[in-house]
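Enquirer: Submitted below is the structure of interest, expressed as structure tokens.
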Amino acid sequence: MTATFQALPISEHVYWVGAIDWNLRDFHGYATPRGSTYNAFLIMADRVTLIDTVKAPFKDEMLARIASVIDPARIDYLISNHAEMDHSGCLPDVIAAIKPDTVFASPNGVTALANHFHLDREIVAVKDGEALDLGNLHLSFVETRMLHWPDSMFTFLHEDGVLFSSDAFGMHLATAERFDDEIDPQILEEEAGRYFANILLPYSALITKLLEKVGGMQLPLQLIAPDHGPLWRGDLARILRLYGEWAEQKPTKKAVIVYDTMWGSTEMMARAIADGLQAGGATPRLLSLKSANRSDIAHEILDAGALLVGSPTLNNNLFPTIADVLTYLKGLRPRNLLGAAFGSFGWGGEAVGQIQEILTAMKVEIVAEPLKLKYVPTPEDLTRCYDLGQTVAAALYRTITGL
Ligand code: FEO
């Protein structure tokens, strides 16, 4: 009888030995409605090598998958491409269990692992461009600082053409399938984009440089193996092209309106603004925080040209859901957005000014006067909202066309 938790061969010398987290719904504040995977990889070389580990609760599952190929105690090298807990949470226990001869990480990874786990053994630093001889196979390392943490790096297996890319090119998607060409391409693009927007967006400029660097290395790429989601073996050019586009954040005519509402007035404003945007040639996308979450919004602005935010005033402040989403978006540092602020109020009306301040701090170009209306909008008030939408649409048109 076959044992549970088998390893899956993914190339001539490499097995997937990770874990599928079907029930993950929150990854440090990023909503993950489709779960995730933690990918770890076993290289069956003369020097048997494990690339990354998994989140702590899945350690035994990973070790069982390894044991379906080889006694885990025969692993010689352990390489940590990234110290974040979803990949290193069980690292101390795995080191204790398999006793590898050497554990490798980037120079920043050595520090990060020390700060996390206070290990009583040496972690050996490998630098950008350094090679590691596994006997019959060969690895080299590419430092990818800030993608996603300062310690992140890629590892490349030359003989099989496998790029172990850590968080880059990954997605939070739990599936029985392990390869991109087995999964609906629309789901792949949606979840890869969602991951980019929620995890990698602040580092877009570094991604552009990294894509140039990796392209210049002319690696014989057969497979891109990230630490989350499916492995890319089909159209590799497609995910590389998408990353290039997302990193560029070129404005489009899509205008995202994010709002919340207490008694429906700010929602009436949002709907009239959307109508004005559409009449002006933009493509509005209306998102109430009663149904969308901060991760949805981050994803929506990835390919947008404008961000309009509406909030009622509650106790002299932003509505809490709006404060939440603006804090989150500010940290993601989106670029190349136009915007405007609006909202209904009863007596203070401070929220609209607060939105405008935050959008300005985010370097969103404000292209319309902030609009705040008392209590319930009149038909004339809604015309002012419609006009605001048209003003933003016209500015967006000028930005996109340069006319
Ligand atoms: Fe998948 Fe930055 O950890």
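Enquirer: What residues from region 82-120 fall in the zone where the backbone N is under 15 Å from a label point 7 Å along the Cα-to-C-beta line of LEU219?
Expert: Those under the cut-off are 82, 106.
Enquirer: Turning to a different aspect of this structure: Over region 52-179, what number does the Rg to Rh ratio reach, with both radii from the alpha-carbon atoms and Rh per Kirkwood?
Expert: 0.94
Enquirer: Let me ask something else about it. In angstroms, what radius of gyration and Dmax does region 244-363 have, counting Cα atoms only?
Expert: Values for region 244-363 (Cα only, Rg and Dmax): 13.5, 47 Å.
Enquirer: Would you mind getting me the FRET efficiency between PHE5 and ALA205? Use the beta-carbon distance for r and R0 = 56 Å, nearest 0.05.
Expert: 0.85
Enquirer: Let me ask something else. I'd like the accessible area for PHE5, computed on protein heavy atoms only with a 1.4 Å probe and all protein chains in place. Round to 10 Å², please.
Expert: Number for this one is 90 Å².
Enquirer: Another one. Report the one residue of THR49, GLY135, GLY348 whose Cα lies farthest in the direction of the positive end of the charge dipole of the chain (charges on C-beta: Lys and Arg +1, Asp and Glu -1; origin at the Cα centre).
Expert: Farthest towards the positive end: GLY348.
Enquirer: Calculate the length of the line joining the C-alpha centroid of region 233-296 to that of region 376-395, in whole Å.
Expert: About 18 Å separates the Cα centre of region 233-296 from the one of region 376-395.
Enquirer: 222 nm [θ] for the chain, helices only, -39500 (n - 2.57) per DSSP H run of 4+, per residue, to 500?
Expert: -11000 deg cm²/dmol
Enquirer: Just the number please: accessible area per residue for the chain, 1.4 Å probe, all protein chains included, in Å².
Expert: Here the per-residue accessible area is 41 Å².
Enquirer: List the lysines whose Cα sits under 27 Å from the Cα of LYS330, skipping any in the same chain fewer than 8 residues away.
Expert: Leaving aside lysines fewer than 8 places away in the same chain, those within reach of LYS330 are LYS209, LYS250, LYS253, LYS254, LYS290, LYS363, LYS372.
Enquirer: How much of the accessible area of region 283-323, in percent, comes from carbon and sulfur atoms when a 1.4 Å probe is used?
Expert: 47 percent
Enquirer: Whole angstrom only: what separates the Cα centroid of region 1-57 from the Cα centroid of region 99-165?
Expert: What the calculation gives is 17 Å, centre to centre.
Enquirer: Looking at the chain, what % of its DSSP beta bridges pair antiparallel, to the nearest 5?
Expert: Close to 45 percent.
Enquirer: Using a probe of 1.4 angstrom, how much of the accessible area of region 18-80 is carbon and sulfur, in percent?
Expert: 48 percent
Enquirer: For region 291-403, what's the relative contact order in percent, using C-alpha pairs closer than 8 Å and at least 6 residues apart?
Expert: It rounds to 26 percent for region 291-403.
Enquirer: Taking each pair of different alpha-carbon atoms in region 137-221 once, compute 1/r for the pair, average those values, and report the inverse of that mean as the Kirkwood hydrodynamic radius in Å to one decimal.
Expert: That comes to 14.0 Å for region 137-221.
Enquirer: Separate question: Identify which of GLU267, GLU248, GLU190 has the largest mean-square fluctuation in a Gaussian network model of the chain, with springs joining Cα atoms closer than 10 Å.
Expert: Result: GLU190 has the largest fluctuation of those listed.
Enquirer: Accessible area, 1.4 Å probe, largest first: how do ASP21, ASP46 sort?
Expert: Reading off the accessible areas and sorting them downward yields ASP46, ASP21.
Enquirer: When all C-alpha to C-alpha distances in the chain are sorted into bins of 10 Å, what percent of pairs does each bin hold, rounded to whole numbers?
Expert: Bins of 10 Å from zero give 5, 22, 27, 19, 14, 9, 3, 0 percent of pairs.
Enquirer: Let me ask something else. Compute the FRET efficiency between ASP181 and LEU119 as 1/(1 + (r/R0)^6), taking r as their Cβ-Cβ distance and R0 = 41 Å, and round to the nearest 0.05.
Expert: Approximately 0.55, to the nearest 0.05.
The values are calculated or read from the model by the stated rules, or taken from the named source; none is laboratory data. The model shown is predicted, which means the values in this text are computed figures rather than measured ones. In this analysis, Cβ positions are derived from the backbone assuming ideal geometry, glycine residues included, and neighbour counts consider all displayed protein chains. Heads up: the accessible areas ignore ligands, DNA and RNA and are worked out on the full protein's heavy atoms, side chains in. Shrake-Rupley method; radii C 1.70, N 1.55, O 1.52, S 1.80 Å.
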